[in-house]
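One structure is given below, encoded as structure tokens.
The values are calculated or read from the model by the stated rules, or taken from the named source; none is laboratory data. The structure presented is a predicted model; accordingly, all values stated were derived computationally and were not measured. Here the Cβ positions follow ideal geometry from the backbone for every residue, glycine too, while neighbour counts run over all protein chains shown.
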2 protein chains.
Amino acid sequence: MTVPTEEEQRTLPPKQDFSGWYHEILWRAEIMDVRYPVKGLYVWYPFGFALRKQVYGLLRSLMDRDHEEALFPLLIPEQEFMKEAEHIKGFENEVYWVTHGGTTPLDVKLALRPTSETAIYPMYALWVRSHADLPLKIYQIVSTFRYETKHTRPLIRLREITSFKEAHTVHATWEEAEAQVEVAIGLYREFYRTMCIPVLVSRRPEWDKFPGADYTIAVDTIMPDGRTLQIGTVHHLGDHFSRTFGIQYEDTRGEQQYAHQTCYGISERSIAAVISVHGDDRGLVFPPAVAPVQVVVVPIIVGSRKEEVLASADGVAETLRNDGLRVKVDRREIRPGAKYYHWELRGVPLRVEIGPKDLDAGVVTAVTRLGAKSRIPRADLAEGVAEILRQLQDQLLARAETDLRGRVTCAATLAETAAAVKTGVALAPWCGSRECAEALEQQVDASMLGTEVRGYGTEGTHGPCIMCGKPGSPALVGRSF
Amino acid sequence: MTVPTEEEQRTLPPKQDFSGWYHEILWRAEIMDVRYPVKGLYVWYPFGFALRKQVYGLLRSLMDRDHEEALFPLLIPEQEFMKEAEHIKGFENEVYWVTHGGTTPLDVKLALRPTSETAIYPMYALWVRSHADLPLKIYQIVSTFRYETKHTRPLIRLREITSFKEAHTVHATWEEAEAQVEVAIGLYREFYRTMCIPVLVSRRPEWDKFPGADYTIAVDTIMPDGRTLQIGTVHHLGDHFSRTFGIQYEDTRGEQQYAHQTCYGISERSIAAVISVHGDDRGLVFPPAVAPVQVVVVPIIVGSRKEEVLASADGVAETLRNDGLRVKVDRREIRPGAKYYHWELRGVPLRVEIGPKDLDAGVVTAVTRLGAKSRIPRADLAEGVAEILRQLQDQLLARAETDLRGRVTCAATLAETAAAVKTGVALAPWCGSRECAEALEQQVDASMLGTEVRGYGTEGTHGPCIMCGKPGSPALVGRSF
């Protein structure tokens, strides 16, 4: 792992070949190893894990404002898992079951959590007693499991989802739970905005909501191949689960009431999005906010001034670290070009070069991952670098927003919808019936993603339903991962 | 969760009744909820999780000096799990097996990792190519699973170990792996020292080593009831696993060599130790280094100066937070005594009280969890509090060391050994034979824990084996959890 391997030197497939690019970048940049000997399970390389740490550190910092982190068991006894009828129907085909301890068959089969409602809510029934205990807002970050029969893909469709952040809140009334849904959407928007990922928010159709929910709001982004990726969901659970699990509180008049709940989640698809939205033909491009390495310092070592240059490189790194940045100095004895390649592939936002000429001029040379080159006086180093990283962050967001806007088409006809979903999404008027949605999905080979769309270019697509001609309102249609 | 409940007000069992005390403190201080409906699985309350975060934050900071964090899958296919013969024998009776996905029987049974050698080493076989890739030092913090048939106990003996930090290193030679064993012991000593927990280090008997290891070094502490708790192990794996999994490197002469390995782990028993070693009749006592709340500020609100006092309390908290401390202000409208009780139970190292008299005198009143009271001028607040916390940290370590020293007896006879293990451990000369160890264990109702003991009072117990009279060297004997 010390020098670029021959494979690293081979050209990465162009990003236009998104599927090939994605597959290659994951192992070349040492994010995930796909060679684990079970389908749908992957290994986080240390560098990938460092990225995960940044992304989930950001997510934690947002959640911690108004939630508490806890940890519930992975194994759910069959009788708890089977309590909520709709919920079971949604998951029964994809639950892994533990049936044996050693060679002994278990008395009660244990499910590996596909999601944790049925692990958490029996405890909430014990924890919630009075209106004074509400609202209760707890989250955990855990592995969840799905026996996927579809094609699996690292970070996107897995059998072990290794980084599921799931929040579960309890409220006195339906309206308070509804307000919490909006709070959650706000947090998720902020999370993605900080990672420079533009999102479309919509309400999933009735038949596509979370099993056991009143309604589901989803957060999608658009991937380079035009397909949508669901990267967050927020569910209003009403009192379905509280009635099933007996989550009741005593109200101010001394009466027992069933609580109202929400849950919302984000998985490592958030990392798939960071990788896919920003990367380019040369590799990864990380927004400074979540880059595992924000600045790499490359000493340009020639001839007799090697020690002086190395000392200066260390000094620069020290200054930047003191300013709170994540910095590496690449002291390897290989040519600078190989180092540039190595760190560009790994998405480092800023490269700082220091050679004898820079030393003499009292400057460093800074090159962003997007190729902008500048000289920063050594005396203004910290401020100069911070300013470049701020600008890069804005630039990445603007670039991603422009791209997403270009992929959202306001369509008024079936033909326009069919054309739009080849490169992105359509916003087409729809009457709301399942019949029209299914006919539409079949004819354009895409999915009815949702209504009440919030995001980019989402105004002005009211009109007659493109299928039946009845009054319609804008609906999001696209091909999804 | 807002006011002390009646149960909280009930007197905690005295710590002398350790088993009762431990059981009660865990839920009263909101560390773990034991009511999850599966034996041996427990729920981390938010406050317990905050403690876990501090303890594992400390552990991570030590590991990150010279290891990289990664993440490997939970599910291990049967054929990988079954590769190393000794290893299987050690675990086959306590492995949970996943046999079904939905209603479909799996082609290959999947084990829930009881430990991750067999998940990680197939990947190491791919990752290690050359001597330049070595040493490789990686760790992960994960859940592991054991189908325990013994009596389970939160944080101590579980079916889901939720916080297993396991490190796995690869080296060119046996000697380098041996040196890494010493590095690991050093890290573990530092970890426990920072938590003010004195430890005894010893080499486990041959028959009690990790399945598949050349030898095992264990870290134990002594619990309040005199029993030992194993809170860390370090294993030299030799080349057993590298031969099984094909972990080879090309040496400097171009020849393929099998690598040598170590692994070492720490679980949430580290948290059981912090709770048990330091707690007292009034509840938990956390060392400042890992206390989830280091300082609680209690405004003494009387009469007309309420707002002034509250504002001052917030100011004090702000000053201390800026100094990097974890601080809570308890603004609840309950009497101060109830607040004192609440935070003492939860182990907060320092309480800062502010009332009208303190305001007038320009001071705050500081009371440590051990009862030492002082006044700190408002102007010296940060320094004053930092100094008190430093002293408290030293005091807790000294107190715990004194206690442990008092429980280590250098025994020269069977009778002295039998007496010693009632309140702690004996260091008794032993010839090294399994026969003598088993006879000894039976006669004193305790375990032969190990030899080459490092720690407290561990010198000077050479002499004739207390069982057979042949030459012996000091061995650690005690009753263990």
Would you point out the residue of segment A:53-85, among those that are part of a loop (DSSP other than H, G, I, E, B) and within 7 Å of another protein chain (Cβ to nearest Cβ), that is surrounded by the fewest Cβ atoms within 10 Å (Cβ to Cβ)?
A:70
Within segment A:296-305, identify whether any single residue is among the polar types (S, T, N, Q), more than 30 Å from residue A:349 (Cα to Cα) and surrounded by fewer than 24 Cβ atoms within 10 Å (Cβ to Cβ), and answer yes or no.
yes
The number of residues in segment B:373-395 that are touching a helix residue (DSSP H, G or I) at 6+ places or on another chain (Cβ under 8 Å) and not basic (Lys, Arg) is 6
Evaluate segment A:111-133: report whether one residue or more is over 22 Å from residue B:42 (Cβ atoms) and in contact (Cβ under 8 Å) with a residue 60 or more places away in the chain.
yes
Quick one: would you say residue B:55 is closer than 24 Å to residue A:68 by Cβ and of a type in the set (Val, Ile, Thr)?
yes
Any residue in segment B:175-187 that is part of a helix (DSSP H, G or I), of a type outside the set (A, V, I, L, M) and buried (at least 18 other Cβ atoms within 10 Å of the Cβ)?
yes
Looking only at segment B:28-44, how many residues end up being of a type outside the set (Val, Ile, Thr), touching a strand residue (DSSP E or B) at 6+ places or on another chain (Cβ under 6 Å), facing chain A (nearest Cβ under 9 Å) and over 16 Å from residue B:164 (Cβ atoms)?
3
Could you count how many residues in segment A:252-302 are assigned to a strand (DSSP E or B) and closer than 25 Å to residue A:16 by Cα?
4
Checking B:367, B:385, B:352 in turn, the sole residue that is β-branched (Val, Ile, Thr), part of a helix (DSSP H, G or I) and not assigned by TED's automatic domain parsing to the domain that holds residue B:22 turns out to be B:385
Test residue B:173 against the criterion of being farther than 30 Å from residue B:391 by Cα, of a type outside the set (Gly, Ala, Ser), assigned by TED's automatic domain parsing to the domain that holds residue B:60 and at pLDDT 95 or above, and give yes or no.
yes
Assess whether residue A:165 counts as being part of a loop (DSSP other than H, G, I, E, B) and in the same structural domain as residue A:33 (by TED's automatic domain parsing).
no
Every pair of residues 6+ apart whose Cβ atoms lie under 6 Å, when the first sits in segment A:202-226 and is surrounded by 22 or more Cβ atoms within 10 Å (Cβ to Cβ) while the second is in a loop (DSSP other than H, G, I, E, B) and of a type in the set (Val, Ile, Thr)
A:219/A:199; A:221/A:197; A:221/A:199
Return yes or no: is residue B:70 in the same structural domain as residue B:188 (by TED's automatic domain parsing) and without any contact (Cβ under 8 Å) to a residue 24 or more places away in the chain?
no
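Residue-by-condition table, conditions (1) touching a Lys or Arg at 6+ places or on another chain (Cβ under 7 Å); (2) surrounded by fewer than 20 Cβ atoms within 10 Å (Cβ to Cβ); (3) more than 11 Å from chain A (Cβ to nearest Cβ); (4) not in a loop (DSSP other than H, G, I, E, B):
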residue	(1), (2), (3), (4)
B:92	no, yes, no, yes
B:97	yes, no, no, yes
B:106	no, yes, no, yes
B:120	no, no, no, yes
B:148	yes, yes, no, no
What do you reckon, is residue A:329 at pLDDT 95 or above and either not assigned by TED's automatic domain parsing to the domain that holds residue A:55 or not aliphatic (A, V, I, L, M) (or both)?
yes
Of the numbered conditions (1) surrounded by 19 or more Cβ atoms within 10 Å (Cβ to Cβ); (2) in a loop (DSSP other than H, G, I, E, B); (3) within 12 Å of chain B (Cβ to nearest Cβ), residue A:155 satisfies every one except a single condition; which is it?
(3)
Being facing chain B (nearest Cβ under 7 Å) and closer than 22 Å to residue A:232 by Cβ is the filter; apply it to segment A:122-146 and report the residue that is surrounded by the fewest Cβ atoms within 10 Å (Cβ to Cβ).
A:143
When (1) farther than 15 Å from residue A:294 by Cα; (2) modelled with pLDDT of 95 or more; (3) surrounded by 16 or more Cβ atoms within 10 Å (Cβ to Cβ) are applied to residue A:361, the one that fails is (3)
Quick one: count up the residues across segment A:158-177 that are among the charged types (D, E, K, R) and away from chain B (no Cβ under 13 Å).
4
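Quick grid of which residues meet (1) over 30 Å from residue B:135 (Cα atoms); (2) crowded, with 24+ Cβ neighbours inside 10 Å:
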site	(1), (2)
B:235	no, yes
B:250	no, no
B:268	no, yes
B:273	yes, yes
Residues satisfying the stated conditions in segment A:303-332, i.e. in a loop (DSSP other than H, G, I, E, B) and without any contact (Cβ under 8 Å) to a residue 24 or more places away in the chain:
A:324
